[in-house]
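Below: one structure, written as structure tokens.
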Amino acid sequence: MQGRTKLNVSDILAKKEKKEKISVLTAYDYSTARICDKADIDILLVGDSAGMVVLGYPSTVPVGMQDMMIFCGAVARGTKRAMIVGDMPFGSYQVGPSVAVENAVQFIKAGCDAVKLEGGSEIMDTIKAIVDVGIPVMGHIGLRPQTSSLWEGYKLQGRTKEGAIKLIEDANALEKAGVFSIVLEMTAAEVAGTVTKSLSIPTIGIGSGPDCDGQVLVLHDMLGIYEDIRPRFVKRYAELSNEIFDAVSNYNHDIKAGTFPEESNTFHMDAHELDKWKNEQRRRRRI
Ligand code: KIV
């Protein structure tokens, strides 16, 4: 385990210069944030994917600021070293720069160190406005779940020459607007590699091949907890839903069989007090 000093924007930028890969995972609660932080994950992204994997919505669209504030506060309380990036939910920044700044400020007050917004050149003014008040911004292009779910669904981006050119233009626009890093989601590896080489800020890939400066996965996907969707780009590092199922089934069985709680799980009265209480019960029965 490295030092527990909090990572900041310049530490993340320095990793690209030193060609050190950046590790990113989503986190939504205190206990898992503590574990990820202890494991030296560089950035914890409080993703609006919480809407799907924690709250059970079919997409990230219904997630609101109030939901995100609760998740961000919990993650911040569990984190000492990792940089925390809060994902601005659908509707919290599309209305315009001043609403976006107000909402970005709420993320910082909840304990985040930066915010993330989905979008390309069309949100440059919004990004500039947030960066101008001193809040670091992470961009997010390629597949943009907040709006992809409303248009064409979750499809690979940068499949065509036009798509590749647009992604490179968007990445350059975001760098110009002042973002400190860019998530590239489900982008053809060739395009992700070219974008990564052409930028001085790091790219964080998810389903975008090995050439990005860092990688991010949704925690519930890589732990094998979320079972509704299984994207091919996810590597499962555990099958926790099986383990949780077995544990919960055993618990259920033990209760029904009367084998839980055991003596080691049980508390008793002080022996002397128990005697006094029993005598008292006897005395009352005689009255
Ligand atoms: O919400 C999220 O988890 C994300 C990642 C998929 C990058 O935006």
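The values are calculated or read from the model by the stated rules, or taken from the named source; none is laboratory data. Since the model is a prediction, treat every value here as computed from it, not as a measurement. Cβ coordinates were reconstructed from backbone atoms using ideal geometry, including for glycine residues, and neighbour counts include every protein chain displayed. Accessible surface areas use protein heavy atoms only, side chains included; no ligands, DNA or RNA. Shrake-Rupley method; radii C 1.70, N 1.55, O 1.52, S 1.80 Å.
Points worth noting:
- Relative to the longest principal axis of the Cα atoms of the chain, the long axis of helix 161-177 lies at roughly 80 degrees.
- Pairs from K161/K235; K21/K80; K16/K161 whose Cα-Cα separation, in the structure shown, is over 25 Å: K161/K235; K16/K161
- Paramagnetic label zone (point 7 Å from Cα along Cα-to-C-beta, E169; backbone N under 14 Å) in the range 94-131: 120-124
- Percent breakdown of C-alpha pair distances by 10 Å bin, ordered from the shortest bin, for the chain: 6, 25, 31, 16, 6, 6, 4, 3, 1, 0
- Note on D132 and K109: their simple-model spin labels are 2.1 nm apart, each label 7 Å out from Cα toward Cβ.
- For the range 145-287, projected area of the alpha-carbon convex hull averaged over all directions, nm²: 17.5
- Normalised convex hull volume, the range 227-287, alpha-carbon set, Å³ per residue: 156
- Among beta bridges from DSSP that stay inside the chain, the antiparallel ones total about 5%.
- Hypothetical label at M65: residues of the range 109-151 whose amide nitrogen lies under 13 Å (7 Å Cα-Cβ projection): 109-110
- Cut-off 16 Å (backbone N to label point 7 Å along Cα→Cβ of L150), residues of the range 24-61: 58-61
- Applying 1/(1 + (r/R0)^6) with r as the Cβ-Cβ distance of K18 and K276 and R0 = 45 angstrom yields a FRET efficiency of 0.05.
- Here the Debye sum runs over all C-alpha atoms of the range 190-246 as equal scatterers in vacuum, and log10 of I(q)/I(0) at q = 0.14, 0.27, 0.31 Å⁻¹ comes out as -0.47, -1.00, -1.17.
- Simple label model, 7 Å out from Cα along Cβ direction - K235 to R34, nm: 2.8
- Sparsely packed loop sites in the range 185-287 (the trypsin sites (Lys or Arg not before Pro) outside DSSP H, G, I, E and B with at most 15 other Cβ atoms within 10 Å) comprise R232, K235, R236.
- Local electrostatic count, I168, Cβ distance below 12 Å [Lys/Arg +1, Asp/Glu -1]: -2
- If the chain linking I255 and E243 were pulled fully straight, counting 0.36 nm for each residue of separation and taking away their Cα-Cα distance, it would gain 2.5 nm.
- Working note: Cα gyration tensor of the range 1-93, eigenvalues times five, square-rooted, sorted largest first, giving semi-axes of 25, 15, 11 Å.
- Remark on the range 80-209: Rg and Dmax equal 14.1, 43 Å (Cα only).
- Note that the range 126-265 presents 53 Å² accessible area per residue, ligands and nucleic acids not counted, probe 1.4 Å.
- 16 Å tail of the calculated P(r), the range 162-204, as % of Cα pairs: 22
- For the options D125, D246, D42, a Gaussian network treatment of the chain with springs between C-alpha atoms closer than 10 Å singles out D246 as fluctuating the most.
- Against the chain, whose longest principal axis comes from its Cα atoms, helix 65-77 is set at around 70 degrees.
- The chain, helix-only ellipticity at 222 nm - DSSP H runs n ≥ 4, -39,500 (n - 2.57), divided by all residues, nearest 500: -13000 deg cm²/dmol
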